[in-house]
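A.B. asks: The structure that follows is given in the form of structure tokens.
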Amino acid sequence: MSNARRTLAAALTTLLLGAAALLGLPGVIGVTALAAPPADGSPAAGSSSLPDPHFVRLQVDTITPGTITSSSPAQVNVRGMVTNDGDREVRNLQVRMQRGPALQSAAELRSALRSSPEELSTLGSFVTISAALSPGQSAPFSLYLPLSGSPSSSLALSEPGVYPLLVNVNGVPDFGDRARLDEVHFLLPVLSLPATPKAATETRQGPSVPSTPAGITVLWPLAERPRLLPSALGTPALLSDDDLARSFADGGRLDGLLKAVEQRTRPSADPAGALANSLCLGIDPDLLVTAQAMTHGYEVAGAGDAVTPGTGGPAAGAWLERLKAASKQRCVVALPWAQADLNALSRASLTELEGAAVGSGADVVAKTLGLPTLPEVSWPAGGLLTDRTATNLRTLGKNAVLVSADGVTTPSGAALAPTVQTAQLAAGTASLGAALIDAPSATALAATGPGDQRQLRLQDALGAIAWPAINAASGGTTEGTPASSALLAPPQVWDVSPDEAQTLLGEVSTLLQTGAARSQSLPAVLDAVNASTARAVLNYPVQASLTEVPPSTTATVSRAAADIREFGSALKLDPQSGVSPNDLLAPLQLGLLRSVAAPAKPPPEVQDGVPDNPQVDAVRSELSRLRDSVSLQAPGGTYTLASSKSPLLLVVRNDLPVSVNVRITVDAPAGLRATDIGVEELPAHSGRQLQVPTTVSRTGQFAVDVSLTTDTGQQLGEPTRLQVRSTAYGSATALAIAGAALLLLVLVARRLWHRFRGQPDRADDPPVDL
């Protein structure tokens, strides 16, 4: 746009804005005036005074190096792209990098994860990336800043720490003044500094190693959203989709998580075994059951009743074998089955399902992998527990839980001191040990993965992981004595790429190998839990209940669980088939557990108040199929009762591999009464003819409704209507016939008497003509 056109446009804009102000019509043309920047061309430090509307977007693609050590390059390089996503041209685009002071407390760390630094210690020079950028256009940038030197031309680092960095872009949009148009922030962990060029004869500045480094323990989850659906016994496994085939395959999510463990703990990468000792695998037993089912051939549910063959069997089998090898002589803890929401289950009083979620998983994991697990510890999804859930876990035999430090307080309600990493929680009349998960790092790890500014969120996670070790190396902060250990835990279903998994686990390895942190196993943490004298209480935030499985779902699950329990009470082990009722119903119970998997985000609102849940629908469908497998065989045509005491002969069929207790219910009209024959046991895979005694008091044809139920009244199969014809004489008919016969006998006797006496009988008189 020429200068003359810009001048004319500016004049028109000023004229229109003035007229709008006089008329009391603010904002009629949607142009926002931009505040004049300071002399250096940017807002004051920490002022998030970005313009509205938004003009450009700053995207960071790489940050090198992610962590500064004594062997790092002497500069930081940030590369990315600036895109004009507004509706007007922007001129004189410039970017620069700045640094804030080292973080001094966990509170500052939390703040740095959320927002830009409030104070800037260094102001790097602006680098011009484009003279003008039209809407939709992009311009790449690459910023280099030395680690040490003048605050105006370098990061001016002098000691280890976790530093907040800021990259901002300034420019002049049409109809506006020069201003900061966008900014991004991230953390830069500095374990040690490389030697400066001016001191080539000096040895490199080594890492700051405290006398007692902070212990680091890492929970590494291997879990996936539940996909296995209930299916008939002896049929191929049925999955809701085939995403696991891609996740198990090379380059998939689960492949990447396992590959990071394999590569980072191999002897060449972890010669002292420090990382292997710090690492504990959190494995979802439902994932192992699903993977095993896939290896035997499976199908994938489609629209309606359509199914297609699954393709991930070989990949699932190979992944399982790798997991068995990688988990040898390593800490393993079983996650709640299918990441079941324990808080929602306890709130809905579904204690049976809660017990199933934490009870059998350890045995399944141990049997599948061929190694022992830590059976008395539970790691709930989300890391938060209610008092009721904690009491239930203690009753179910759990001695310790792994929970977020944000989810506990002192008995007086105050925040725990940073030095408190283990505690004893009140759980009913007993106590429950707690190992506290480092909350800031958990927040940062949960933010990694797909989405906007992915590289920045990865960089923040590196800083949060390094913070406990660097804080301990500093000997204390404004919060007092630093924590002596840190338990790092990402979310259980962790959606990171293979490269991100390698980078994050590599950060822990770097901390251990440089001596900035010491290796600490989870069993050692649990020993500290048992020895802990610190008392704490659970603090379940109100907003946490918003992320629970909604009550509408647990109510549906509760009804389905009651139906399964009632149906199961009618089943018995059949000695011939060797199949137990539990073999038949356990897949349904596990399906209900999968239906209450803890959501990664608040459940979506639904119009009818009941969210769609394929797992519950599949459970109900399979339960209906099982009940329909025991049925009443309706006779064809009309059923004839030859006498008043003729029984109804009914054929019932049991196609289940277990015995079933059944009861026949007859709803008969007036004139027919059926006798209850009680409970009958039907053997597996058999048919029987049952006689129902009846009493008929009238002749004719009428309809009789017959149904088959369990001994507790649960419907089996479809009711049937019999068309019954009775040729029997009832009491009224018999009396009428007897009366008629008697009258006939009297009349015959009278005539014979008259003939015998020679007396005329009126019946012999000829008819009279009228």
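The values are calculated or read from the model by the stated rules, or taken from the named source; none is laboratory data. Quick caveat: nothing in here was measured; it's all calculated off a predicted structure. Quick reminder, even Gly has a Cβ in these numbers, built from the backbone with ideal geometry, and neighbours come from all protein chains shown. To get the accessible areas, we keep the full protein, side chains included, count just its heavy atoms, and leave off ligands, DNA and RNA. Shrake-Rupley method; radii C 1.70, N 1.55, O 1.52, S 1.80 Å.
A.B. asks: Spot the failing condition for SER158; the list is (1) in contact (Cβ under 8 Å) with a residue 60 or more places away in the chain; (2) over 29 Å from ASN84 (Cβ atoms), and only one is missed.
C.D. replies: (1)
A.B. asks: Test PRO336 against the stated conditions and say whether it is surrounded by fewer than 16 Cβ atoms within 10 Å (Cβ to Cβ) and at pLDDT 95 or above.
C.D. replies: no
A.B. asks: Right, another one. What are the pairs with Cβ atoms under 8 angstrom where one residue, in the range 259-271, is at positive phi and surrounded by 12 or more Cβ atoms within 10 Å (Cβ to Cβ) and the other, located anywhere, is at pLDDT below 95 and of a type in the set (Val, Ile, Thr)? Sequence gap at least six, or different chains.
C.D. replies: Listed pairs, sorted by first residue: none to list.
A.B. asks: Going by the structure shown, is SER558 assigned to a helix (DSSP H, G or I), modelled with pLDDT of 95 or more and open to solvent by 30 Å² or more (accessible area, probe 1.4 Å)?
C.D. replies: Yes, satisfied.
A.B. asks: Output the residues belonging to the range 656-679 that are surrounded by 15 or more Cβ atoms within 10 Å (Cβ to Cβ) and under 20 Å from THR712 (Cβ atoms).
C.D. replies: Of everything in the range 656-679, those that are surrounded by 15 or more Cβ atoms within 10 Å (Cβ to Cβ) and under 20 Å from THR712 (Cβ atoms) turn out to be LEU656, VAL658, SER659, VAL660, ASN661, VAL662, ARG663, ILE664, THR665, VAL666, ILE677.
A.B. asks: Can you work out which of the residues in the range 693-723 that are part of a strand (DSSP E or B) and in contact with a Gly (Cβ under 9 Å, 6 or more places away or on another chain) is most open to solvent (accessible area, probe 1.4 Å)?
C.D. replies: Taking the candidates together, the pick is GLN723.
A.B. asks: Right, here's the next one. State whether one or more residues within the range 160-173 are farther than 20 Å from ALA464 by Cβ, open to solvent by less than 10 Å² (accessible area, probe 1.4 Å) and among the aliphatic types (A, V, I, L, M).
C.D. replies: Yes, the range 160-173 contains a residue that is farther than 20 Å from ALA464 by Cβ, open to solvent by less than 10 Å² (accessible area, probe 1.4 Å) and among the aliphatic types (A, V, I, L, M).
A.B. asks: Give LEU103, LEU187 a once-over and let me know the one that is buried (at least 22 other Cβ atoms within 10 Å of the Cβ) and assigned to a loop (DSSP other than H, G, I, E, B).
C.D. replies: LEU103
A.B. asks: Is it true that some residue in the range 174-181 is open to solvent by less than 40 Å² (accessible area, probe 1.4 Å), out of contact with any Asp or Glu (no Cβ under 6 Å at 6 or more places or on another chain), touching a residue at least 60 places away in the same chain (Cβ under 8 Å) and closer than 24 Å to GLY463 by Cα?
C.D. replies: no
A.B. asks: Further question on the same structure: Could you list all residues from the range 272-287 that are open to solvent by 20 Å² or more (accessible area, probe 1.4 Å) and among the hydrophobic types (A, V, I, L, M, F, W, C)?
C.D. replies: ALA272, ALA274, ALA276
A.B. asks: Still on this model: Counting only residues that are in a loop (DSSP other than H, G, I, E, B) and either under 22 Å from the mean Cα position of the chain (by Cα) or surrounded by 18 or more Cβ atoms within 10 Å (Cβ to Cβ) (or both), how many does the range 234-258 have?
C.D. replies: 5
A.B. asks: Just to confirm my filter: which helices (runs of 4 or more DSSP H) fall fully inside the range 320-410 and include at least 3 residues that are within 30 Å of GLU262 (Cα to Cα)?
C.D. replies: The helices (runs of 4 or more DSSP H) meeting that bar are 351-359, 361-369.
A.B. asks: So, one more: For the list (1) open to solvent by 50 Å² or more (accessible area, probe 1.4 Å); (2) within 23 Å of the chain's Cα centre (by Cα); (3) more than 30 Å from THR217 (Cα to Cα), I need the number of the one condition that GLN292 fails.
C.D. replies: (3)
A.B. asks: If I ask for residues that are farther than 21 Å from ASN92 by Cβ, more than 40 Å from the chain's Cα centre (by Cα) and not in a loop (DSSP other than H, G, I, E, B), which ones from the range 146-184 would you list?
C.D. replies: PRO146
A.B. asks: Which of the residues that make up the range 569-585 are small (Gly, Ala, Ser) and buried (at least 17 other Cβ atoms within 10 Å of the Cβ)?
C.D. replies: Answer for the range 569-585, where residues must be small (Gly, Ala, Ser) and buried (at least 17 other Cβ atoms within 10 Å of the Cβ): just ALA570.
A.B. asks: Which of the residues spanning the range 69-87 are part of a loop (DSSP other than H, G, I, E, B), crowded, with 16+ Cβ neighbours inside 10 Å and in contact with a Ser or Thr (Cβ under 9 Å, 6 or more places away or on another chain)?
C.D. replies: THR69, SER72
A.B. asks: Still on this model: State yes or no: is ALA131 without any contact (Cβ under 8 Å) to a residue 60 or more places away in the chain and assigned to a strand (DSSP E or B)?
C.D. replies: Yes: the conditions hold for ALA131.
A.B. asks: Something else about it: Do you know which of the residues in the range 724-740 that are of a type in the set (Val, Ile, Thr) and either assigned to a helix (DSSP H, G or I) or touching a helix residue (DSSP H, G or I) at 6+ places or on another chain (Cβ under 9 Å) (or both) is modelled with the lowest pLDDT?
C.D. replies: Selected residue: THR733.
A.B. asks: Out of the residues in the range 391-408 that are among the small types (Gly, Ala, Ser) and under 23 Å from VAL493 (Cβ atoms), state the one that is nearest to the chain's Cα centre (by Cα).
C.D. replies: So the residue we want is SER404.
A.B. asks: Which pairs turn up if I take residues in the range 88-104 that are closer than 16 Å to VAL169 by Cα and look for partners that are among the β-branched types (Val, Ile, Thr) and open to solvent by 40 Å² or more (accessible area, probe 1.4 Å) with beta carbon separation below 6 Å, at least 6 apart in sequence or on another chain?
C.D. replies: Final answer for the pair search is GLN94/THR128; VAL95/VAL127.
A.B. asks: Now for a different question. Would it be correct to say that SER231 is crowded, with 17+ Cβ neighbours inside 10 Å, modelled with pLDDT under 95 and farther than 30 Å from LEU113 by Cβ?
C.D. replies: Against the criterion (crowded, with 17+ Cβ neighbours inside 10 Å, modelled with pLDDT under 95 and farther than 30 Å from LEU113 by Cβ), SER231 qualifies.
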